[in-house]
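**Student:** Just passing along the structure, written as structure tokens.
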Amino acid sequence: MTPVRTRSRRRLLALAPAAALLLGLTACGSGGGSDSGGSADPAAALDTPTTLTFWTWAPNLDKTVALFEQKHPKIKVDIVNAGQSATEYTKLQTAVKAGSGGPDVVQVEYFALPELALSKRLVNLKEFGAAGLEAKFTPSAWSQVSVGGGVYAIPQDTGPMAMFYNKRIFDELHLEPPKTWAEFEAAAVRIKESDPKRFITSIDPGDAGGMDSLMWQAGSRPFRQKDATSVAVDLQDPGAKKVSDLWSSLLSRKLVDPAPGWTNEWWQAMGSGQYAMWLTGAWAPGNIASTIPDTAKDWRAAPMPQWSAGQNVSAEQGGSAVAVPSTSKNKAAAAAFAIWLDSDPEAIRSLNENGLFPASSELIKDQAFLDKPLASLGGQPANQVFAASSAAVGPGWQYLPFQVYANSVFKDTVGQSLTGDLGAGLTAWQKRIADYGNQQGFKVTAP
């Protein structure tokens, strides 16, 4: 995102206790009931005086919402920052349980969406025509809002991964951006040799999302929802092993720094050249520009390293969608607003101006968008890199129906292994995930 994207996927709290979570697991398609807040017709609802409450952490949405209100003057949208990630989801859970006090529309990260959908906290937007929107969005974004045969949110932004590198350092060392992970390892050695205090990059002991993305790009599919009550967890598959072997080696040789991200110290390390690279989502340029403006001009984007020469596989890191909670009293109007916000061409361009990398299949192919120089990356038309990454996202990734809990114990398992064997950390994480899932009434299978 452009302005700041906070650490949305890290150190999260569990969303729902067992009883609350299991309510409605067998009714995934209902989406919390058929009450449409007076009309099942979104067009008619937009012609009825209504005030919608929209929970979102994304900054500077006022202009985009104002566009909507101009087009639909009978609808007023109150924007509320209810916090991000676990903070927002805890408030939403409380509101749904109470049956009041919640929003009509809510921003939700993709990793948390299956849990909210399966526990009947969100409306299935198919009843408002959302199924017909699939072609408007990138395949990876659409797959992440499709749960149990329903459509539980409208994709808003995505985070196709890229390799952000400090061009000044790479030029100084006569290095090219690595095209493979073998070249990445060789570059890491060269960077360390140039200055013992330098690292090619860091890895965050608390960032489950970052590890998920690395495994996703390596071909791992560790989480799989078999049916309403059965899930599979395999953090030892070949893709996960590739990642754990490489990063264990890098860490043992102190080529990568196991440091918490997003702290003042971490940003200082980015700005000073202590870190030569950041592997993350396409929302990062705005953060670089706003947080380390003096050295932002040194940074560029390149495709992710590949596991085999000639491959072209990427993954997502981050991104969110807009959903309608089951307790909304204005479901039809809320659905119409969510659909407009994330699919209307004018709205999409307005959101992109605020730094949200689009989930829109139309904008991501627009030549003016692709050719736009990004001042935050030295004038590079980096959207070309990000769009190519989006097109190359590997299919088939799933999140657990209790992914929020899984992410919350990452630091205590994998995070503790970053000074030793990462594979052992993944094994410990798998056990914690399986134990919790079984306690919640799921049948969790593992190799």
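The values are calculated or read from the model by the stated rules, or taken from the named source; none is laboratory data. Please read all numbers here as calculations on a predicted model, not as lab measurements. Every residue, glycine as well, gets a Cβ built from its backbone with ideal geometry; the counts of neighbours run over all protein chains shown. Each accessible area value is taken on the protein alone, full model and side chains, heavy atoms only, with ligands, DNA and RNA left out. Shrake-Rupley method; radii C 1.70, N 1.55, O 1.52, S 1.80 Å.
**Student:** Pop out the ³J(HN,Hα) list for the range 52-66 in order, Karplus 6.51 cos²θ - 1.76 cosθ + 1.60 with θ = phi - 60°, rounded to Hz; leave Gly and Pro as x.
**Tutor:** Result, ordered by residue: 9, 9, 10, 8, 7, 9, 5, x, 6, 8, 4, 5, 5, 5, 4 Hz.
**Student:** A further question on this structure: Multiplying the sequence separation of Ser249 and Val189 by 0.36 nm and subtracting their Cα-Cα distance, what value in nm do you get?
**Tutor:** Value of the extension gain: 20.4 nm.
**Student:** So what is log10(I(q)/I(0)) for the chain at q = 0.09, 0.12 1/Å, when the Debye sum runs over its Cα atoms only?
**Tutor:** Result of the Debye calculation: -0.56, -0.99.
**Student:** Quick one: which residues, 5+ away or cross-chain, put their amide H under 5 Å from the amide H of Lys76? H built at 1.01 Å from N.
**Tutor:** Amide H to amide H, under 5 Å and 5 or more residues apart or across chains, Lys76 pairs with Thr50, Thr51, Leu52.
**Student:** Once every DSSP H run of n ≥ 4 in the chain is given -39500 (n - 2.57) and the sum is divided by its residues, what mean residue ellipticity at 222 nm do you get, rounded to the nearest 500 deg cm²/dmol? Mind showing how you got there, number by number?
**Tutor:** On the way: 18 runs with 167 residues, N = 447.
The helix contribution divided over the chain gives -10500 deg cm²/dmol.
**Student:** Which FRET efficiency value, to the nearest 0.05, do you get for Asn60 and Thr87 by plugging their Cβ-Cβ distance into 1/(1 + (r/R0)^6) with R0 = 25 Å?
**Tutor:** 0.80
**Student:** Just flag the trypsin sites (Lys or Arg not before Pro) in the range 159-228 sitting in loop per DSSP whose Cβ has no more than 16 other Cβ atoms within 10 Å.
**Tutor:** Loop-located and lightly packed - Lys197, Lys226.
**Student:** Please sort by residue number the trypsin sites (Lys or Arg not before Pro) in the range 61-141 whose DSSP state is loop and whose Cβ has at most 13 other Cβ atoms within 10 Å.
**Tutor:** Here the sparse-neighbourhood loop sites are Lys74.
**Student:** Follow-up. Please list, in chain and number order, the residues 5+ apart from Val151 or on another chain whose amide H is under 5 Å from its amide H, with Hs placed from the backbone.
**Tutor:** Close amide H contacts, sequence-distant or interchain: Leu125, Lys126.
**Student:** Lysines near Lys443 by alpha-carbon distance under 20 Å, same-chain residues fewer than 8 away left out - which ones?
**Tutor:** Of all the lysines, those that pass the test against Lys443 - Cα under 20 Å, at least 8 places apart if same chain - are Lys120, Lys226, Lys431.
**Student:** Net charge within 14 Å of Tyr165 by Cβ-Cβ distance, Lys/Arg positive one each and Asp/Glu negative one each, not counting Tyr165 itself? Don't skip to the end; give the middle numbers.
**Tutor:** Numbers: positive: Lys167, Arg168, Lys179, Arg190, Arg198, Lys297, Arg300; negative: Asp171, Glu172, Glu176, Glu183, Asp298.
So the surrounding residues net to +2.
**Student:** Go through the range 273-285 residue by residue and turn each phi into a ³J(HN,Hα) via Karplus (6.51, -1.76, 1.60, θ = phi - 60°); whole Hz please, and just put x for glycine and proline.
**Tutor:** x, 5, 10, 9, 7, 9, 9, 6, x, 5, 7, 5, x
**Student:** Could you check what % of the DSSP bridge pairs in the chain are antiparallel, to the nearest 5?
**Tutor:** 60
**Student:** Between Gln380 and residues 5 or more places away or on another chain, which pairs have amide H atoms under 5 Å apart, with H built 1.01 Å from N, and which residues are they?
**Tutor:** Amide H neighbours of Gln380, under 5 Å, 5+ apart: Leu374.
**Student:** Ok, one more. Going by Cα centres, the range 247-277 and the range 89-165 are how many Å apart?
**Tutor:** When both Cα centres are located, 33 Å separates them.
**Student:** Return the carbon/sulfur percentage of the accessible area of the chain, one whole number, probe 1.4 Å, all protein chains in place. Mind showing how you got there, number by number?
**Tutor:** Numbers: 8910 of 16650 Å².
Reported share for carbon and sulfur atoms: 54 percent.
**Student:** Then there is this: For the range 115-121, just list the computed ³J(HN,Hα) in residue order, Karplus coefficients 6.51, -1.76 and 1.60, θ = phi - 60°, integers in Hz, with x standing in for Gly and Pro.
**Tutor:** Result, ordered by residue: 4, 5, 5, 5, 8, 6, 8 Hz.
**Student:** What figure, in Å² to the nearest 10, do you get for the accessible area of Ile292 with a 1.4 Å probe and non-protein molecules left out?
**Tutor:** Taking all protein chains as shown, Ile292 has close to 20 Å².
**Student:** With charges set only on the Cβ (+1 for Lys and Arg, -1 for Asp and Glu), what does the dipole of the range 296-415 come to about its Cα centre, in debye to the nearest 20?
**Tutor:** Working: 8 positive and 10 negative charges, 38 e Å.
That gives the range 296-415 a dipole magnitude of about 180 debye.
**Student:** Keeping every protein chain present and rolling a 1.4 Å probe, give me the accessible area per residue for the chain in Å².
**Tutor:** Ligands and nucleic acids excluded, the result is 37 Å² per residue.
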